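Visitor: This structure is in structure tokens; I'll ask about it shortly.
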Amino acid sequence: MLATDTLNPPVLPETAPTFFVRDIPVHGDAILAPMDGFSDWPFRSLCRALGSAMSYTEFVRAGNINQAYKHIASRMDFQEMERPMVFQLYGDDPDEIVKAALRVQDKHPDIIDINMGCPAKNVIHQGAGVGMMRAPLKVAHTFRKLTAALKIPVTGKMRLGWDDCRSYKLIARIVEENGGSLIALHARTKQQRYGGQADWDAIAEVKACVKIPVIGNGDVKLAADIDRMKKYTGCDAVMIGRAAVGNPWIFSRLDREQVPPDEVYRMVRQHLERSMSFYGEHKGLILFRKHAVRYLRLYRMSREMRAKIITKDDPQSFLALLDEYYTQLLA
Ligand SMILES: Cc1cc2nc3c(=O)[nH]c(=O)nc-3n(C[C@H](O)[C@H](O)[C@H](O)COP(=O)(O)O)c2cc1C
């Protein structure tokens, strides 16, 4: 069923939870991945309404929360309908992470997640992101301190490891032994970044070596991949990143080709409206343009039209262009 009337929160499911993050029930097995620059409130809330089972914020540096909270506070704005709501932090110093987590806990997320997977140079050079996987003791201290200090569950998202040193099983056990309540595994190494094949066998290995829930991630491109990954690995849920951009309907188990053009049109307008109401008209449109090209990617579009779409900087002419494009498309 297509359900893009996202102004209405989803009806609470009557079925049993799919899994628990400590005491937090999660209904559903497909989850939008945290993505810097993409998984903001406008996009998250649309995905959640279409079936994503919980919401993760884009990652936020712990040090920024402690020093300049006001500038990044909007990254942690959310709506009740998004719950379970996960705030994701990264950092290289356990005490700094705990301080930041205590501060953002006051915004009432359901869960705090620690990013141990980001391969970006500016993140890893001091040992944050996937850099944490090279420092098992630091992971232990971070989770032990966090779980002692916070009332809410703490979870971790990681990769297979730095390069050849695939420390995923060790790190998964350390997270669990130090009070962590869930592990999400992006089954690629740092070296692979976002390319190459994800190793689903590793997801199965992690699932077999811990008792806490495991979310598998990597190479889920089509709706059918969700069940395929679950069946292959035994994981509790599947996390979807890039394949959801331009196709939030994947959370309703639909591939992009299955979504009719008029539904896509409604989504484009709704997403843009949300983006503008959240960021203000100008910034909202600028940030939305990268989504627009992904929504429309399937249709044959002239270079000229694409260039116009990604450069329009006032909402009225953007919407007029969209209408012009759709009139041609549907004719
Ligand atoms: C543009 C972009 C931004 C990302 N930002 C984050 C982030 O803030 N936190 C995080 O844990 N992972 C981040 N990731 C990684 C994704 O959560 C996910 O693990 C990765 O994209 C693999 O999943 P996919 O193959 O379904 O895209 C990002 C990925 C992309 C492509």
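The values are calculated or read from the model by the stated rules, or taken from the named source; none is laboratory data. Just so it is clear, the structure is predicted and the values come from calculations on it, not from any experiment. All Cβ positions, glycine included, derive from the backbone under ideal geometry; neighbour counts span all protein chains shown. Side chains are part of the model used for accessible areas, which takes the heavy atoms of the whole protein and leaves out ligands, DNA and RNA. Shrake-Rupley method; radii C 1.70, N 1.55, O 1.52, S 1.80 Å.
Visitor: What order do you get for 314-322, 58-66 when each peptide is scored by the mean count of other beta carbon atoms within 10 Å, highest first? Don't jump to the answer; show the numbers that get you there.
Guide: Details: 314-322: 14.6, 58-66: 21.1.
Final packing ranking: 58-66, 314-322.
Visitor: Still on this structure, please answer the following. Quick one: grab the alpha carbon gyration tensor of the range 195-331, order the square roots of its eigenvalues as a ≥ b ≥ c, and give me rounded if a/c is under 1.5, else prolate or oblate depending on whether a/b is larger than b/c. Before the final figure, lay out each step's value.
Guide: Values: a/c = 2.87, a/b = 2.20, b/c = 1.30.
It is prolate, given that a/c is not under 1.5 and a/b is the larger ratio.
Visitor: Per the Kirkwood definition applied to all pairs of different Cα atoms, how many angstroms is the hydrodynamic radius of the range 170-238?
Guide: Numbers: mean 1/r = 0.0818 Å⁻¹.
Kirkwood radius, the range 170-238: 12.2 Å.
Visitor: Between the alpha-carbon centers of the range 81-134 and the range 35-71, tell me the distance in whole angstrom.
Guide: Between the Cα centre of the range 81-134 and that of the range 35-71, the gap is 12 Å.
Visitor: Follow-up question, since we're still on this one. Can you work out the accessible area per residue across the range 46-121, with the rest of the protein chains kept in place, probe 1.4 Å, in square angstrom?
Guide: On the way: 2660 Å² over 76 residues.
Accessible surface, normalised per residue, equals 35 Å².
Visitor: Let me ask something additional. Mind grabbing the base-10 log of I(q)/I(0) for the range 8-154 at q = 0.10, 0.13 Å⁻¹? Debye formula, identical points on the C-alpha positions, no solvent, two decimal places.
Guide: -0.34, -0.57
Visitor: Can you give me the relative contact order of the range 265-331 as a percent, contacts being Cα pairs under 8 Å and 6 or more apart?
Guide: Details: 39 pairs, mean separation 18.6, N = 67.
Relative contact order of the range 265-331: 28 percent.
Visitor: Follow-up. Quantify, in whole percent, the carbon and sulfur part of the accessible surface of the range 182-331 (1.4 Å probe; protein heavy atoms only). Before the final figure, lay out each step's value.
Guide: Working: 3620 of 7100 Å².
Ligands and nucleic acids excluded, carbon and sulfur reach 51 percent.
Visitor: Continuing with the same structure: Can you bin every Cα-Cα distance in the range 43-100 into 5 Å intervals starting at zero and give me the percent of pairs per bin, rounded to whole numbers?
Guide: 4, 19, 26, 19, 15, 11, 5, 1
Visitor: About its Cα centre, how strong a charge dipole does the range 46-111 have in debye, to the nearest 20, once Lys and Arg get +1 and Asp and Glu get -1 at the Cβ?
Guide: 180
Visitor: Which percentage, to the nearest 5, of the DSSP beta bridges contained in the chain is antiparallel? Could the numbers behind the result be given before it?
Guide: On the way: 3 of 30 bridges.
Roughly 10 percent of the beta bridges in the chain run antiparallel, per DSSP.
Visitor: Using a 1.4 Å probe and counting only protein heavy atoms, arrange TYR90, TYR56 so the residue with the most accessible area comes first.
Guide: Solvent-accessible surface, decreasing: TYR90, TYR56.
Visitor: On to the next question. Counting other Cβ atoms within 10 Å, keep those with at most 13, restrict to DSSP loop, and tell me which chymotrypsin sites (Phe, Trp or Tyr not before Pro) in the range 137-226 are left. List each step's numbers first, then the result.
Guide: Details: sites: PHE143, TRP162, TYR168, TYR194, TRP200; in loops: TRP162, TYR194.
Here the sparse-neighbourhood loop sites are TYR194.
Visitor: Kindly give the semi-axes, whole Å and largest first, of the ellipsoid equivalent to the chain, taking each as the square root of 5 times a Cα gyration tensor eigenvalue.
Guide: Over the Cα atoms of the chain, the semi-axes work out to 33, 22, 19 Å.
Visitor: Write down the accessible area per residue of the range 177-222 in Å², having rolled a 1.4 Å probe over the full set of protein chains. Don't jump to the answer; show the numbers that get you there.
Guide: On the way: 1890 Å² over 46 residues.
Spelled out: the 1.4 Å probe surface of the range 177-222, per residue, equals 41 Å².
Visitor: Place a +1 charge on the Cβ of each Lys and Arg in the range 91-169 and a -1 charge on the Cβ of each Asp and Glu, then give the dipole magnitude about the Cα centre in debye, rounded to the nearest 20.
Guide: Dipole magnitude for the range 91-169 comes out near 140 debye.
Visitor: Would you mind getting the accessible area per residue of the range 225-331, heavy atoms of the protein chains only, 1.4 Å probe, in Å²? Intermediate values should be presented prior to the final figure.
Guide: Numbers: 5340 Å² over 107 residues.
Per-residue value: 50 Å².
Visitor: Determine the share of the range 14-112's accessible area contributed by carbon and sulfur atoms, expressed in whole percent, with a 1.4 angstrom probe. Provide the component values of the computation, followed by the final result.
Guide: Values: 1830 of 3690 Å².
Here it works out to 50 percent.
Visitor: Within straight cross-link reach of LYS207, meaning Cα distance under 20 Å, which lysines are found once same-chain residues fewer than 8 apart are removed?
Guide: LYS157, LYS169, LYS230, LYS231
Visitor: Kindly rank 169-181, 236-248 from highest to lowest mean number of other beta carbons found within 10 Å of each residue. Intermediate values should be presented prior to the final figure.
Guide: Details: 169-181: 20.3, 236-248: 22.7.
So the peptides 169-181, 236-248, ranked by packing, come out 236-248, 169-181.
Visitor: Also, I was wondering about something else. If I take every Cα pair under 8 Å that is 6 or more residues apart in the chain, average their sequence separation and divide by the length, what percent do I get for the relative contact order? Before the final figure, lay out the partial values.
Guide: Values: 618 pairs, mean separation 43.9, N = 331.
Normalised by residue count, the contact order of the chain is 13 percent.
Visitor: Just need log10 I(q)/I(0) for the range 206-252 at q = 0.18, 0.24 Å⁻¹, Debye formula, equal scatterers on the alpha-carbon atoms, no solvent, rounded to two decimals.
Guide: -0.52, -0.82
Visitor: Just how many pairs of Lys in the range 23-143 have C-alpha atoms closer than 23 Å, counting pairs that are eight or more places apart or on different chains? Please report the intermediate quantities before stating the final value.
Guide: Working: LYS70/LYS99; LYS70/LYS107; LYS99/LYS107; LYS99/LYS138; LYS121/LYS138.
Here the count comes out as 5.
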